[in-house]
Amino acid sequence: MSTAPAGTSIHGLLEQGDEHAGKNDTKAAAAYYQAALKIAQQGFDPAMRGRLEAAATYVRHSAECYKDALRAIVRDRADPAGTDRLQHAVDMLVGERELFLQGPSAFYFPYLANRQFFEREEFDWVAALEAEAPAIKAELEAVLGEGADFQPYVEHDANRPQREFHDLHGDPSWTALYLWKDGQRVESNAGRFPRTMAALDRVPMTKIGAKTPAVLFSKLTPGAHIPPHRGMLNCRLIGHLPLIVPEGCWLRVGNETRGWNEGKLLIFDDSFEHEAKNDSSDTRIILIFDLWRPELSDGEKTGISAIFDTIDRFTTIPDA
């Protein structure tokens, strides 16, 4: 019967680990201890249990020291831009933050920043739109009082095969009232929101084939959950203007979750996996619209729209 070389047996690896630990060579010691612990998963002499437990404790302690050293780097270097990129990089390095990447369901535009949320202060039109939030909310409340025709957000198109979307077809818990839909004004609704429409004139909304712009009031009933999903393209951003938002409502985009604050925009890239929930006992309503990513040139915007004009003539891309 063959035996493992001393350097690869549990005993030999532990001996190597002890030797390096005695020299304060933490990196090497942890590597040998980890190798010993891996082999021990297949079985070991009970007499070695104490040494293996000590090795496991050493590995855990060295891992915590490693994390502490990395966290100290972040603590000592405040990010003047306030983006927390260094912090998030360390969080992902030590396995405390999951990595999410853009993943549009239909069209990927390359070389755009892999950012989940964009901050309000980055856009010069935000202040003017937020200043109109009370007037927009007043228009919404007036229409709600008169009877607003909210329809399920996920509807079946009679001219297309039905697609599945988390069993939400016709679900009244997530409904929409459109001001723009499939690139066209919905005149029957838009005429009831003159201040809202005028405020949106200042927003650099997209024009992408027959898909956008899209502007809608999105309503979630108490307890409603929009499951994780991705938008169709990454060359636009989504704006949320919260209008009626009880406490307990949230939006997760990739690895970051934010709440809505009435009158304060949230802007994000919906090509990341995202989900939302109304964890309150009251209805939540926000105004949703899409806008161009700020990195795009006018020529790129025109080209993207032309690409989608061609797509619309030849194939069907599901809404998202």
Quiz prompt | With at most 11 neighbouring Cβ atoms within 10 Å, loop trypsin sites (Lys or Arg not before Pro) (DSSP) excluded, longest segment of the chain | solution = 78-320
Exercise. Give 277/301; 181/207; 219/264; 137/219; 181/277 a once-over and call out the pairs whose C-alpha atoms are over 21 Å from each other.
Key: 277/301; 181/277
Quiz item: By how many nm would the segment from residue 61 to residue 15 lengthen if fully extended, with 0.36 nm per residue of separation less the alpha-carbon distance?
Solution: 14.7 nm
Quiz item: Measuring from centroid to centroid over Cα atoms, what is the spacing of the stretch 221-300 and the stretch 169-204 in Å?
Solution: 16
Quiz item: Tally Lys and Arg at +1 and Asp and Glu at -1 over the other residues with C-beta under 12 Å from the C-beta of residue 137: what net charge comes out?
Solution: -4
Exercise. Add +1 for every Lys or Arg and -1 for every Asp or Glu among the other residues with Cβ under 11 Å from the Cβ of residue 206, and state the total.
Key: +4
Quiz item: For the residues 62, 280, 188, what sequence is obtained by ranking on other C-beta atoms within 10 Å, fewest first?
Solution: 188, 280, 62
Exercise. Springs between alpha-carbon atoms under 10 Å, Gaussian network over the chain: tell me which of 41, 102, 151 tops the mean-square fluctuations.
Key: 41
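Any idea what the relative contact order of the stretch 237-317 is, in percent, if you count C-alpha pairs under 8 Å spaced at least 6 apart?
36
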Exercise. Evaluate the relative contact order of the stretch 117-314 (contact order divided by residue number), counting alpha-carbon pairs under 8 angstrom at least 6 apart; express in whole percent.
Key: 24
Exercise. Please build a GNM for the chain, connecting alpha carbons under 10 Å apart, and tell me which residue among 142, 56, 89 fluctuates the most.
Key: 56
Quiz item: In the Gaussian network model of the chain, springs joining C-alpha atoms below 10 Å, which of 146, 130, 19 carries the largest mean-square fluctuation?
Solution: 19
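Every number in this text was worked out from the coordinates using simple rules, so none of it is lab data. Given the structure is predicted, the values throughout are model-derived calculations rather than measurements. Every residue, glycine among them, receives a Cβ derived from its backbone with ideal geometry; neighbour counts consider all protein chains shown.
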